[in-house]
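The values are calculated or read from the model by the stated rules, or taken from the named source; none is laboratory data. The shown structure was predicted, so the numbers you read here are calculated from the model rather than taken from an experiment. Remember, those area values only see protein heavy atoms, side chains included, never the ligands or the DNA or RNA. Shrake-Rupley method; radii C 1.70, N 1.55, O 1.52, S 1.80 Å.
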Amino acid sequence: MSSSPRSARTASLPRRAGRHLRRALGRHRTVQRREPLARPVDRARSRAWLVAGLALVVGLAGVVTAAVLGYRAAGRTAEAERGRLHRTEALVLGKLRTEETGAGRWSGGYQKRTDTSVSWTAPDGLARTGTVEIPRSTASGSTIVLWVDDAGLPATAPATRVGLTVGAVCTGLAGSASLAALVGGVLALRLRVLDRRAHRGWERSWARWEPRWSGRTSQPQDD
């Protein structure tokens with residue numbers, strides 16, 4: 001059974017990578033029989049690919065390290081917040097009128113939220129009533145989780161492990177995409193310069209050898 005063109009191209013990738021590596025390291029003479037036309041510009045092109053690959057690998061390692069360190073730092077901050085704040089349940093009394101709060105607003109890109117009157121018990125045991133922002137779909141009379149400080153005032157909930165993980169993954173993906181775009185752009189510019197250099201070299205070589213190749217040098221010249 002014959003292999004498909006895609007599988008053949010995939011199988012040739014390591015071979016092409018090895019050829020670029022040998023050229024970049026100046027070892028092309030060891031395969032002179034297979035690559036008799038390796039030029040300095042070809043070696044420069046292979047070095048450009050090699051440097052781009054190394055930069056991408058090192059950069060991705062840096063992005064992953066930064067994402068992991070950021071995840072751990074955010075996790076320590078969240079743990080400190082959990083130790084400082086108090087988790088309680090609040091009773092939803094009812095949404096405020098639309099003219100007071102507006103039609104609601106999108107928060108976090110996921111759900112529409114609105115200001116709602118709720119009541120809860122503060123750490124000192126006293127009942128409190130106030131206005132907090134909750135999902136608009138929350139029904140009156142239901143209970144919600146509310147984080148408060150030592151004074152019993154509503155506070156921002158500490159980040160969850162799932163939220164921290166999603167944030168770290170998004171940061172890593174964004175950093176990797178930016179790095180790939182930067183390395184790819186620099187590589188494209190370098191290859192374009194090398195292509196122009198190769199084209200100029202070909203034109204000079206053609207101007208030198210074309211008369212011999214076409215036989216014009218052996219033709220009699222008019223006086």
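In the context of the full protein assembly, Arg39 retains an accessible surface of approximately 100 Å², using a probe radius of 1.4 Å and ignoring ligands and nucleic acids. Per-residue SASA remark: Arg45, around 50 Å² accessible (1.4 Å probe; ligands, DNA and RNA not included). Amide H contacts for Leu146 (H built 1.01 Å from N in the peptide plane; partners 5 or more residues away or on another chain; cut-off under 5 Å): Thr88, Glu89, Ala90.
When Leu85, Leu50 are compared by accessible surface with a 1.4 Å probe, the order from highest to lowest is Leu50, Leu85. Solvent exposure of Thr116, expressed as accessible area, is near 0 Å², computed with a probe of 1.4 Å over the protein chains only.
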